[in-house]
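Have a look at the structure below before the remarks.
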Amino acid sequence: MGKEIQAAPATTRTGLLIILSSPSGAGKSTLARRLMAWDPSLSFSVSATTRTPRPGEVDGKDYRFLTEGAFKTLVAEDAMLEHAHVFGNFYGSPLAPVAEAIEAGRDVLFDIDWQGAQQIRNSALGHHTLSIFLLPPSIPELRRRLESRAQDGADVIAKRMQKSWDEISHWDGYDYVLINDDLDATEQRLKTVISAERERRVQQPGLRAHVRRLQTEFEEGQ
């Protein structure tokens, strides 16, 4: 009798850095929550910041609160995937926890703007990045969504609209662009994109060894 051929184990997967960007009011926060409910293994990237914690915020959960000196040290050591200076404070995504998650096959979700997305794509982990931009169906609908929140005055909404257009102008720097004209339909398309990207060859480091095993099994079976 020939040598018994053992079934090869399933290949393991490397995690994805999933970047979700959009102008304010395009549904990004809602869709991010739905993705987390769809796949509880998804983890949200906890940003670091030099701003003072607000009442109720927990270090390590809402943000990683750092001194300005500690933050700048991480930047100097290339230990930040991306960072920015906003309204007098620094914000950024620490590299170490993301790299650990990716190596362990866990996807990490980022809610960042186009500048942060660009920095991550140019980082050491850029080849594991999946970037998705959400567009509103129209500018009047975007304004309506911002106004329906009833939280801001006309001057603030005008500033938000200008910032939204600045974000929209960078739509072509993303891997996928989805028009969020129907929340449920957009959610399904997001899931389809993520599911497909998880199967990319670069995301499956064990494939080469698996094919070598197949070759050995083929040759032994001749």
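Values quoted throughout were computed directly from the atomic coordinates according to the rules given, and no laboratory measurement underlies them. Since this is a predicted model, take the numbers as computed values, not measurements. Note that each Cβ is placed from the backbone with ideal geometry, even for glycine, and that neighbours are counted across all protein chains shown.
Suppose we filter 98, 86 for residues that are surrounded by 18 or more Cβ atoms within 10 Å (Cβ to Cβ) and either more than 17 Å from residue 27 (Cβ to Cβ) or among the β-branched types (Val, Ile, Thr) (or both); which single one remains? Before you say what the answer is, go through the steps one by one.
Details: 86 fails: surrounded by 18 or more Cβ atoms within 10 Å (Cβ to Cβ).
Being surrounded by 18 or more Cβ atoms within 10 Å (Cβ to Cβ) and either more than 17 Å from residue 27 (Cβ to Cβ) or among the β-branched types (Val, Ile, Thr) (or both) holds for just one of 98, 86, which is 98.
Yes or no, residue by residue, for (1) loosely packed, with under 13 Cβ neighbours inside 10 Å; (2) part of a helix (DSSP H, G or I); (3) among the charged types (D, E, K, R):
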position	(1), (2), (3)
123	no, no, no
143	no, yes, yes
157	no, yes, no
160	no, yes, yes
166	yes, yes, yes
172	yes, yes, yes
189	no, yes, yes
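Can we say residue 195 is within 15 Å of the chain's Cα centre (by Cα) and assigned to a helix (DSSP H, G or I)?
yes
Please enumerate the residues belonging to segment 40-67 that are surrounded by 14 or more Cβ atoms within 10 Å (Cβ to Cβ) and outside any strand (DSSP E or B).
42, 45, 46, 47, 50, 51, 62, 66, listed by residue number.
From (1) part of a loop (DSSP other than H, G, I, E, B); (2) surrounded by 13 or more Cβ atoms within 10 Å (Cβ to Cβ), pick out the condition that doesn't hold for residue 78.
(2) is the only condition that residue 78 fails.
Check residue 169 against each of (1) within 30 Å of residue 94 (Cβ to Cβ); (2) in contact (Cβ under 8 Å) with a residue 40 or more places away in the chain and name the one condition it does not meet.
(2)
Specify the residue that is nearest to the chain's Cα centre (by Cα); the eligible residues are those in segment 28-82 that are within 30 Å of residue 179 (Cβ to Cβ) and among the aromatic types (Phe, Trp, Tyr).
The initial filter retains those residues of segment 28-82 that are within 30 Å of residue 179 (Cβ to Cβ), namely 28-47, 81-82.
Narrowing further to those that are among the aromatic types (Phe, Trp, Tyr): 38, 44.
On the way: 38: 15, 44: 8 Å.
Among those residues, the one meeting the criterion is 44.
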